[in-house]
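**Q** Quick one: the structure is below, questions incoming.
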Amino acid sequence: MKQIVIISPSVRKGRKSHKVAMYLKNFLEETNLAKPEIIDFMKYNFPIFHERLEYQDSPSPEIIGFSEKIKSADGVVIITPEYNGGYPASLKNAIDLLTGEWRRKPVAFVPVSDGNFAGSQVIISLQFTLWKLGAITVPGPLRIPNIITAFDESGIPADKSAIDKKALNLIKELLWYIEAKSRMSE
Ligand SMILES: Cc1cc2nc3c(=O)[nH]c(=O)nc-3n(C[C@H](O)[C@H](O)[C@H](O)COP(=O)(O)O)c2cc1C
């Protein structure tokens, strides 16, 4: 079964987007579509970026662990809130630590916001950064507006069938790119 890492980057006090990471993990387990693992930046406490992992003399175990998880994942889903039209500094801080780990890695995004527009602007900057790193950015239909009411605190969507349908389409698309990549590696 394919391994999908779900990055939950918000380290904001009272954060809401983590509910979507919990939902997606449950969804992948329920449907048996992939083996999910959440990388929760709240648990990592990465220092402010000072150098890429490959040039660090004594990298922390957290940074090495992060690198290994991204390297071994078949695909990645980033649950990203929109902060002032871009993605959070916590996410940029971690993306920039790695280089080759992102290359040809299929990466899908789930933008999240508390308004009606579902953080749709965040995709532009995030996609560009990952394109620069050589990732395979996967288009997908799962965007979460009104996060405060869209999910309960345990990650159950208010409209589960509608969200499940979009999540299924996103994961199918991600799995397609993962399969396409594995055929190129044969
Ligand atoms: C610094 C900051 C900037 C924000 N800017 C936007 C924005 O540009 N567009 C938007 O739709 N929501 C914006 N919001 C609202 C977020 O969508 C909302 O707080 C969401 O819950 C953030 O995810 P989090 O709770 O997991 O941190 C912003 C929130 C913060 C804290």
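**Q** With THR31, THR80 as the choices, which residue is hydroxyl-bearing (Ser, Thr, Tyr) and under 21 Å from TRP131 (Cβ atoms)?
**A** THR80
**Q** Looking only at the range 59-87, which residues are within 21 Å of PRO141 (Cα to Cα) and within 12 Å of the chain's Cα centre (by Cα)?
**A** GLY75, VAL76, VAL77, ILE78, ILE79, THR80, PRO81, TYR87
**Q** Here's another thing I want to ask about it. Select, from GLY86, GLY119, the only residue that is open to solvent by less than 10 Å² (accessible area, probe 1.4 Å), of a type in the set (Gly, Ala, Ser) and within 11 Å of the ligand (Cβ to nearest atom).
**A** Values: GLY86 fails: open to solvent by less than 10 Å² (accessible area, probe 1.4 Å).
Sole residue among the options that is open to solvent by less than 10 Å² (accessible area, probe 1.4 Å), of a type in the set (Gly, Ala, Ser) and within 11 Å of the ligand (Cβ to nearest atom): GLY119.
**Q** Kindly indicate which of LYS25, LYS13, LYS43 is within 16 Å of the ligand (Cβ to nearest atom), among the charged types (D, E, K, R) and surrounded by 15 or more Cβ atoms within 10 Å (Cβ to Cβ). Break it down stepwise before answering.
**A** Numbers: LYS13 fails: surrounded by 15 or more Cβ atoms within 10 Å (Cβ to Cβ); LYS43 fails: surrounded by 15 or more Cβ atoms within 10 Å (Cβ to Cβ).
Criteria check complete, one pass: LYS25.
**Q** Let me ask something additional. If I ask for residues that are β-branched (Val, Ile, Thr), closer than 20 Å to ARG12 by Cβ and open to solvent by 20 Å² or more (accessible area, probe 1.4 Å), which ones from the range 136-158 would you list?
**A** Of the range 136-158, the ones β-branched (Val, Ile, Thr) are 136-138, 144, 147-149, 156.
Filter once more, so that each one left must be closer than 20 Å to ARG12 by Cβ: 144, 147-149.
Within the range 136-158, ILE148, THR149 meet the criteria.
**Q** Within the range 121-156, which residues are free of Cβ contacts under 8 Å to residues at least 60 places away in the same chain and of a type in the set (Val, Ile, Thr)?
**A** Residues satisfying the conditions are VAL122, ILE123, ILE124, THR129, ILE136, THR137, THR149.
**Q** Say we look at the range 122-135 and pick out the residues that are open to solvent by 40 Å² or more (accessible area, probe 1.4 Å) and under 13 Å from the mean Cα position of the chain (by Cα); which of these is farthest from the ligand (Cβ to nearest atom)?
**A** GLN127
**Q** Further question: Considering ALA34, ALA73, which residue is open to solvent by less than 10 Å² (accessible area, probe 1.4 Å) and touching a Gly at 6+ places or on another chain (Cβ under 8 Å)?
**A** ALA34
**Q** Shifting gears a bit: Which count do you get for residues in the range 87-122 that are among the hydroxyl-bearing types (Ser, Thr, Tyr) and in contact with a strand residue (DSSP E or B) (Cβ under 7 Å, 6 or more places away or on another chain)?
**A** Here the count works out to 3.
The values are calculated or read from the model by the stated rules, or taken from the named source; none is laboratory data. Please read all numbers here as calculations on a predicted model, not as lab measurements. Glycine also receives a Cβ, built like all others from the backbone with ideal geometry; neighbour counts cover every protein chain displayed. Each accessible area value is taken on the protein alone, full model and side chains, heavy atoms only, with ligands, DNA and RNA left out. Shrake-Rupley method; radii C 1.70, N 1.55, O 1.52, S 1.80 Å.
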